[in-house]
1. Filter segment 1-24 for residues that are in a strand (DSSP E or B) and either open to solvent by less than 70 Å² (accessible area, probe 1.4 Å) or not hydrophobic (A, V, I, L, M, F, W, C) (or both) and give the result.
2. Name, by its number, the condition in (1) farther than 24 Å from S95 by Cβ; (2) at pLDDT 90 or above that does not hold for W61.
3. If V27 satisfies all but one of (1) open to solvent by 100 Å² or more (accessible area, probe 1.4 Å); (2) in a helix (DSSP H, G or I); (3) not charged (D, E, K, R), what's the number of the condition it fails?
4. Is segment 32-41 home to any residue that is out of contact with any Ser or Thr (no Cβ under 7 Å at 6 or more places or on another chain) and either exposed (fewer than 11 other Cβ atoms within 10 Å of the Cβ) or of a type in the set (K, R) (or both)?
5. Could you tell me which residue of segment 44-61 is most open to solvent (accessible area, probe 1.4 Å), considering only residues that are assigned to a loop (DSSP other than H, G, I, E, B) and touching a residue at least 24 places away in the same chain (Cβ under 8 Å)?
6. Can you find, within segment 1-59, the residue that is nearest to the chain's Cα centre (by Cα) among those that are of a type in the set (D, E) and farther than 24 Å from G97 by Cα?
7. What pairs come out if I take residues in segment 12-27 that are more than 19 Å from C39 (Cβ to Cβ) and pair them with residues that are among the polar types (S, T, N, Q) whose C-beta lies under 9 Å away, six or more apart or interchain?
8. Given the residues A66, A36, which is the only one that is of a type in the set (A, V, I, L, M) and part of a helix (DSSP H, G or I)?
Amino acid sequence: MNDIAGAGRDPLFFLDYLAIGELDGEVAQTVVSGVAEACRANGCALIGGETAQMPGFLRRWEYDLAGFIVGAVDKEKLITGSKIQAGDVLIGFPSTGLHTNGYSLARQTHFSRSPATHRTST
């Protein structure tokens, strides 16, 4: 929701992906119910998703959750920053942490400053 709201878009629908070490119906229901509740709270529909059981990759109690959101905005209401001018007020809200594209920016910033710390496996 944060990614599309920052550009002035309204959320339309969301798809989730839940990978879990060993499928536990209660855990899966709790996670997906939480996603659905967040979607409802933001005026967005959870229209489906995927669940993958991944033993050997995730431990029995571990899970990974990802999602994909689609939003819409009228072109004239799109927030691009082009209308910012001297005297405008900027209001900042604390973040709960890195979200989606924030990880790419964090990696780019970190590795551009200290490339020797980055290792890749081949």
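The values are calculated or read from the model by the stated rules, or taken from the named source; none is laboratory data. Since we're looking at a predicted model, the values are computed, not measured. Every residue, glycine among them, receives a Cβ derived from its backbone with ideal geometry; neighbour counts consider all protein chains shown. Heads up: the accessible areas ignore ligands, DNA and RNA and are worked out on the full protein's heavy atoms, side chains in. Shrake-Rupley method; radii C 1.70, N 1.55, O 1.52, S 1.80 Å.
1. Residues of segment 1-24 in a strand (DSSP E or B): 10-20.
Answer for segment 1-24, where residues must be in a strand (DSSP E or B) and either open to solvent by less than 70 Å² (accessible area, probe 1.4 Å) or not hydrophobic (A, V, I, L, M, F, W, C) (or both): D10, P11, F13, F14, L15, D16, Y17, L18, A19, I20.
2. Going through the list (1) farther than 24 Å from S95 by Cβ; (2) at pLDDT 90 or above, W61 breaks only (2).
3. Looking at each condition in turn, V27 falls short on (1).
4. Yes, the conditions are met somewhere in segment 32-41.
5. In the first step, residues of segment 44-61 are kept if they are assigned to a loop (DSSP other than H, G, I, E, B); the result is 44, 54, 56-57, 59-61.
From what is left, the residues that are touching a residue at least 24 places away in the same chain (Cβ under 8 Å) are 44, 54, 57, 59-61.
Working: C44: 11, M54: 56, F57: 153, R59: 137, R60: 148, W61: 173 Å².
Among them, the one singled out is W61.
6. Taking segment 1-59 and keeping what is of a type in the set (D, E), we get 3, 10, 16, 22, 24, 26, 37, 50.
Then keep just the ones that are farther than 24 Å from G97 by Cα; that gives 22, 24, 26, 50.
Numbers: E22: 24, D24: 24, E26: 23, E50: 16 Å.
Residue satisfying both the conditions and the ranking: E50.
7. A19/T51; A19/Q53; I20/T51; I20/Q53; G21/Q53; E22/Q53; L23/T51; L23/Q53
8. A36
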